[in-house]
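What follows is a set of notes on a single structure, which appears directly below.
The values are calculated or read from the model by the stated rules, or taken from the named source; none is laboratory data. Small disclaimer: the values here were computed from a predicted structure and weren't measured. All Cβ positions, even for glycine, are placed from backbone atoms using ideal geometry, and neighbour counts span all protein chains on display.
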Amino acid sequence: MHSSQNNLKEINLLLIRDTWTEKSTMGQLFLNSELFCDTLENPWKDNQRNISCIPAGKYKVDLRPARQSATRDYLHLILKDVPNRDWILVHRGNSAQDTSGCILVGKGTEQDFVHNSRLSMTLLMKEIINLGGENINLIIKNK
């Protein structure tokens, strides 16, 4: 197969949200069709800034180095062109109190909580870099 994009491979992230409570939205993140980790977001509150998860949909994503962030001292992801929202990141954290609309990653969950976030973030960034670190797409679906 020939690609018109100079053989730049796409990196496809798929987030399937499957659990909603008053405190959080939880799901699973797939990387190029393989289950990679668990996710935790704010509950859905009509896309209100800082307290709601973002709308389901398709987003372009960039790697964001620690030096570009005042609060995250590690490599993370930033979503582009989120409707009516800015600075939506994929980063470390364990509960909805650790996010203002961003997506937290981890491995292992209990109600409104995701475990092993630091390790999951490190592994996700490593894998994305191994895949080239560009042309990252995120699709978010509600189950």
Residues (buried (at least 17 other Cβ atoms within 10 Å of the Cβ) and over 14 Å from residue 45 (Cβ atoms)) located in region 18-30: 26, 27, 28, 29
Candidates 23, 80, 60, filtered to the one that is basic (Lys, Arg), farther than 26 Å from residue 129 by Cβ and at pLDDT 95 or above: 23
Residue check for residue 90: more than 17 Å from residue 38 (Cβ to Cβ), within 12 Å of the chain's Cα centre (by Cα), of a type in the set (Val, Ile, Thr) and not in a loop (DSSP other than H, G, I, E, B): no
Answer residue from region 82-108, given it is over 17 Å from residue 55 (Cβ atoms) and touching a Cys at 6+ places or on another chain (Cβ under 7 Å) and is surrounded by the fewest Cβ atoms within 10 Å (Cβ to Cβ) among those: 107
Check on residue 57, of a type outside the set (Asp, Glu), under 17 Å from residue 16 (Cβ atoms), in contact with a helix residue (DSSP H, G or I) (Cβ under 6 Å, 6 or more places away or on another chain) and surrounded by 12 or more Cβ atoms within 10 Å (Cβ to Cβ): no
Selected residue [within 23 Å of residue 21 (Cα to Cα) and more than 11 Å from the chain's Cα centre (by Cα)] from 50, 84: 50
Leading residue by the ranking (farthest from residue 24 (Cα to Cα)) among those in region 109-140 that are crowded, with 22+ Cβ neighbours inside 10 Å and among the small types (Gly, Ala, Ser): 120
Strands (runs of 3 or more DSSP E) lying entirely in region 1-81 (those with 1 or more residues that are under 19 Å from residue 114 (Cβ atoms), touching a Cys at 6+ places or on another chain (Cβ under 7 Å) and of a type outside the set (Val, Ile, Thr)): 25-31, 34-41
Looking only at region 31-41, and only at residues there that are aliphatic (A, V, I, L, M) and over 16 Å from residue 89 (Cβ atoms), the one that is surrounded by the most Cβ atoms within 10 Å (Cβ to Cβ): 31
Qualifying positions in region 9-40 - of a type in the set (S, T, N, Q) and touching a Leu at 6+ places or on another chain (Cβ under 8 Å): 12, 24, 25, 28, 32, 33, 39
Residue, nearest to the chain's Cα centre (by Cα), within region 53-63, restricted to residues that are among the aliphatic types (A, V, I, L, M) and within 13 Å of residue 140 (Cβ to Cβ): 61
Residue check, residue 51 farther than 13 Å from residue 26 by Cα and in contact with a Ser or Thr (Cβ under 9 Å, 6 or more places away or on another chain): yes
